[in-house]
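What follows is a set of notes on a single structure, which appears directly below.
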Amino acid sequence: MRAMLRTFMWTVSVWVAVGAQQPSLAAATTPPAVSVDQVIEFYTKKIQQHPTVFAAHAALGAAYLDKARETHDVQWLAKARSALQRSIELQPDLNAFLTMAALCNFSHRFACGLEYADRAGRAHPGDAGLLPLRVEAHLGLGQLDAAEKLIRAELQKGTPSFSVLGAQGRWFAEQSRFDEAHDSFVAAAKQGREAGADDLVIWAETNAAGMFIDSKRPQPARAHLDAAAAIETKSWPIAAVLQVHQAEWDDLEGRAEQALSRYQAIIARQADPEMFRRAFVLAQKLGKAQQAAELLTAGEAAAEKVLAAGEIFALEAQARLYADAGIKLDRAEQLAKQNLQHKQDRSARETLAYVQQRLQERGASR
């Protein structure tokens, strides 16, 4: 259901690498508290001056991926792949492999994510950034047993880290084991506070709330949402995760207008097809026919732009948008089936079932 999984795994993989003091050109030489655009400019100039420094290409690729996460603009994914491939051509390196694995997972190419995580593991066995990337890929492929095996192996080592607790929470959530997932996220939030990692605390508290929201229990979700909202973040993807959950909570409590406003605020910052779809559903629910039509058109265009560029992460959102609107259902089924070729998690399976249900309803009404 939630795109936040990608945000978590990439954030955690970066954070644990810094915590483990892994070598990183970005960490060593980038000026503090700068925007992603400034980071891109910084490493572009470094490469112009020193075109064969592999670490600079890896750092630029990571910055491009951050830009893609902020905007959902596919041009940045293409730039990230190119920079990372150049880095690997110059010198196979842990950071480039980890970032490429994160890019593959973000773009819903989970088999590719596992491949690069394995290459990173061969370059640096036991690196702390590997677990969240591997678990994300296994969950995306519907491989719950493989994800569990990785998590259990880490749990046997002693006190679990934030990344282990977060991954365990996602594993429970994928099975709709909401209370166990909630407890994992609460424990992860505690770890994040102890480490002074505000963005990870926001993520964990927000996901703890999400488990109550997904199980239709909005009242206890509020404390977690309030705790997350009380923390300042400079990361737009992290802020967006919180806003999405706040919108879900508003909708569940009957505040559809407020939920719609939150989704519109997100859309103003990033062209995420899933956010257009959610806003469209709410506009329909509120009887805002003109606004719903505009959101449908914009959402379809956003998804088609992604697909036309050869990316696949919009397949599921586009299939659901058509099913929600009751249009192009044959095309929706095609998209949902194509999505399952790359992504076999619960959300992908439920999307195909939903589309096929809508097709049956159309057939019965004729």
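Derivation of every value follows stated rules applied to the coordinates shown; laboratory data play no part. Just so it is clear, the model here is predicted, and its values are computed rather than measured. In this analysis, Cβ positions are derived from the backbone assuming ideal geometry, glycine residues included, and neighbour counts consider all displayed protein chains.
Brief remarks follow.
- Theoretical gain in end-to-end length, Ala364 to Gln156 [0.36 nm per residue, Cα-Cα removed]: 69.5 nm
- In this Cβ point-charge picture (+1 for Lys and Arg, -1 for Asp and Glu), the stretch 208-366 has a dipole of about 280 debye about its Cα centre.
- On Cα atoms only, tilt of 162-174 relative to the major axis of the chain in degrees: 20 degrees
- Nearest-20 debye value, the chain charge dipole, Cβ charges on Lys, Arg, Asp, Glu: 520 debye
- Judged by the mean number of other Cβ atoms found within 10 Å, the most tightly packed of the peptides 180-193, 197-210 leads the ranking 197-210, 180-193.
- Computed over the chain with a Gaussian network model linking Cα atoms closer than 10 Å, the most mobile of Ala101, Ala279, Ala78 is Ala78.
- Residues considered: Ala128, Ala271, Ala195. Largest GNM mean-square fluctuation over the chain, using C-alpha springs under 10 Å, is found at Ala195.
- For the pair Asp330 and Glu180, label points projected 7 Å from Cα toward Cβ lie 4.4 nm apart.
- Three-way shape label, the stretch 23-127, alpha-carbon gyration tensor, a/c 1.5: oblate
- As a calculated quantity, the FRET efficiency between Glu304 and Glu194 at R0 = 45 Å, using C-beta atoms, amounts to about 0.50.
- Amide H contacts of Leu141 (H built 1.01 Å from N, under 5 Å, at least 5 apart or other chain): Gln344
- Using just its DSSP H runs of length 4 or more, each adding -39500 (n - 2.57), the chain gives a mean residue ellipticity at 222 nm of -25000 deg cm²/dmol after division by all residues.
- Tilt relative to the chain, helix 236-252 - C-alpha long axis, 0 to 90 degrees, to 10: 20 degrees
- One chain, two ends: Lys149 and Ile231. Fully extended at 0.36 nm per residue, the span grows by 26.1 nm beyond their Cα-Cα distance.
- Using the Cβ-Cβ distance between Glu350 and His50 with R0 = 45 Å, the FRET efficiency computed as 1/(1 + (r/R0)^6) comes to roughly 0.40.
- Estimated FRET transfer efficiency when R0 is 22 angstrom, pair Asp37-Gln85 (beta carbons, to 0.05): 0.50
- To the nearest ten degrees, helix 198-214 and the longest principal axis of the Cα atoms of the chain are 30 degrees apart.
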